[in-house]
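Engineer: Structure in structure tokens, see below.
FYI, it's all coordinate maths here, none of it is from the lab. All values derive from a computational prediction rather than experimental measurement. Neighbour counts run over all protein chains shown; Cβ positions are idealised from the backbone, glycine included.
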Amino acid sequence: MSTPITTAAHYITLQLGNESFAIDVVQVREILELAQVTKVPTAPAYMRGVVNVRGRAIPVVDLRAKFGLPPTTDTLMSRVVVMELELDGELCVVGGLADSVHEVIEIEPAQISEPPELASRWRSDLIRGMSRRGDDFLMILDIAAVFSADECGALRGADAHSTSSATAP
């Protein structure tokens, strides 16, 4: 498990397939409806492309692909969660494509447990903890661990190659 969660925090909940995840709101800049995504030919397989956010090209990563889930068709509920991550001392802005985004909830440390090591379908180094939401489990992501500094550099490079096409009128 990553750094233990010792204080109450607010989390954005999102869905990938049948699984529920949460991301600390401190790392979320905004949530966007899925708009035109411009493909980037040299981008990693999990990168959908870039979207234009107020004149700036933001790389969009398909979180389903990042977690090894089967691809699915985008729907009206698909959302891009724009996140600010600090990786190796550098700010990285990236959009994560989710099947849907639900709500902001507060979770107390007492409501969080470590994910089980055995038979876990998720890498434990990507999960900060696990909580309950109704009858379902909610995986609290260590979103900075999901993206390495090398990937941030690759995303930044894809951003630079696509800025002209993504910001064209």
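Engineer: Which listed residue (35, 73, 7) has the Cα farthest towards the positive end of the charge dipole for the range 5-78, taking +1 on Lys and Arg C-beta and -1 on Asp and Glu C-beta about the Cα centre?
Structural biologist: 35
Engineer: Amide H neighbours of residue 48 under 5 Å, counting only residues 5+ apart in sequence or on other chains, H built in-plane at 1.01 Å?
Structural biologist: Residues meeting the amide H criterion: 60, 61, 62.
Engineer: With a cut-off of at most 10 other beta carbons within 10 Å, and DSSP calling the residue loop, which trypsin sites (Lys or Arg not before Pro) in the range 35-144 qualify? Please list them.
Structural biologist: 54, 121
Engineer: In debye, nearest 20, what is the charge dipole magnitude of the range 1-107 about its Cα centre with +1 on Lys and Arg Cβ and -1 on Asp and Glu Cβ, if you could check? Each step should come with its number before you reach the end.
Structural biologist: Working: 8 positive and 13 negative charges, 86 e Å.
My answer is approximately 420 debye.
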